[in-house]
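The values are calculated or read from the model by the stated rules, or taken from the named source; none is laboratory data. This one's a predicted model, so the numbers in the text were calculated from it and none came from an experiment. Neighbour counts run over all protein chains shown; Cβ positions are idealised from the backbone, glycine included. These accessible areas exclude ligands, DNA and RNA; they are computed on the full protein's heavy atoms, side chains included. Shrake-Rupley method; radii C 1.70, N 1.55, O 1.52, S 1.80 Å.
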Amino acid sequence: MLSYRHSFHAGNHADVLKHIVLMLIIENLKQKEKGFYYLDTHAGVGRYRLFDETAEKTAEFKEGIARLWERENLPEEVRRYVQIIKRLNYGGKELRYYAGSPLIAAGLLRAQDRALLTELHPTDFPLLRNNFKQYANISVKREDGFQQLKATLPPKERRGLVLIDPPYELKEDYDLTVKAIEEGYKRFATGIYALWYPVVLRQQTKRIFKGLENSGIRKILKIELALRPDSDQRGMTASGMIVVNPPWQLETQMKKILPYLTEVLVPQGTGHWSVQWITPE
Ligand code: SAM
């Protein structure tokens, strides 16, 4: 079953959080000259037109990136993220395009870095391939993303980041994410693993936290931004990023910018945020 299309959600509050964390991790990796490997297991198409009918139908970006678009005095880290999206919009005033995770990464990678993007959707995969055909250091495969942690780790660079961003259409995804991190970690314990998660039913999300807690893996940070308190009604109330082996600056950076993001992305005042260790060092 592959009915999920990210174009409906591109640029929403969850993308904003995910992509800021992604940018910060890559910036931190770039502090060393040596190249690194970036694996994007669930890549989507990489570039989204916000004025096409899928995005317009839900207009989720209006409660995400659009709320940051014309702001002045953004915290420095948020400003750099908005700058990436502005460049994609040809520096224009109008917000017309949004970058998916592969494009955010592609703009930050250096010649010595390398990326693999995997996507399974029959319509989205050719779009992804087309969007990245001009990048010499980025390859694209129509493969199961979870399998890539087994198939491609450890990377020859011995430095790297794996972004795991499944659609959670299937309940199994909650367990598959934990298994994938365990598989990856067995092969490449010094790698950074960043996992996006939604909070729809808190019980489901807790399965991931518990699974990781029981895995024996140390140094797992959880970053969450909620629009409203947990609920048993339909719909996502919050989303977060779990980062294994986070760069040391990430915790401080996120604690600095999350109060701002919560205030701006949730103007109705029902939002809250947290940065907590699932397992410390
Ligand atoms: N990471 C993207 C971003 O931030 O721009 C968004 C990815 S979207 C949440 C999830 C994507 O995973 C969808 O495009 C879906 O088609 C794809 N997908 C679903 N199952 C997959 C699998 N097992 N392997 C690879 N891709 C998969």
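Per-structure values
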| item | result |
| --- | --- |
| The chain - percent of accessible surface contributed by carbon and sulfur, probe 1.4 Å | 50 percent |
| Dipole of the chain [Lys/Arg +1, Asp/Glu -1 at C-beta], most positive-end residue of V82, Q134, Y98 | Q134 |
| Alpha-carbon centroid distance for the pair region 204-250 / region 89-147, whole angstrom | 25 Å |
| Rounded accessible area of M23 (nearest 10 Å², 1.4 Å probe) | 0 Å² |
| Distance histogram in 10 Å bins (all Cα pairs of region 1-107, percent per bin) | 14, 47, 30, 8, 1 |
| Charge context of N89, other residues only, Cβ under 14 angstrom, K/R +1, D/E -1 | +4 |
| Region 6-279, Rg to Rh (Cα coordinates; Rh as Kirkwood inverse mean 1/r) | 0.93 |
| Formal net charge of residues neighbouring P155 (Cβ-Cβ distance under 14 Å; K, R +1; D, E -1) | +4 |
| At most 11 other Cβ within 10 Å, DSSP loop - GluC sites (Glu not before Pro), region 1-62 | E33 |
| Relative contact order of the chain, pairs being alpha-carbon contacts under 8 Å that are 6 or more residues apart, as % | 21 percent |
| Residues in region 20-49 that a label on E157 would reach, taking backbone N under 17 Å of a point 7 Å out along Cα→Cβ | 22-42 |
| E213 accessible area, 1.4 Å probe, all protein chains in place, Å² to nearest 10 | 80 Å² |
| Fully extended contour minus Cα-Cα distance, from R49 to A189, at 0.36 nm per residue | 46.7 nm |
| MRE, 222 nm, helices only [DSSP H, n ≥ 4, -39500 (n - 2.57), over the chain, to nearest 500] | -11500 deg cm²/dmol |
| In region 1-88, the chymotrypsin sites (Phe, Trp or Tyr not before Pro) that fall in loop regions by DSSP, at most 13 other Cβ within 10 Å | F51 |
| Phi to ³J(HN,Hα) by Karplus 6.51 cos²θ - 1.76 cosθ + 1.60 over region 249-259, Hz, x for Gly, Pro | 6, 4, 4, 5, 4, 5, 5, 6, 9, 5, x |
| Residue-wise HN-Hα coupling along region 32-49, computed from phi with Karplus coefficients 6.51, -1.76, 1.60 (Hz; x: Gly, Pro) | 9, 5, 4, x, 9, 10, 10, 10, 10, 6, 10, 7, x, 9, x, 8, 10, 8 |
| Charge-dipole axis of the chain as Lys and Arg at +1 and Asp and Glu at -1 on Cβ define it, positive-most pick from A59, L2, N214 | N214 |
| Mean projection area, nm², convex hull over Cα of region 129-212 | 6.4 nm² |
| Total charge dipole magnitude, the chain, about the Cα centre, Cβ charges on Lys, Arg, Asp, Glu only, Debye to nearest 20 | 700 debye |
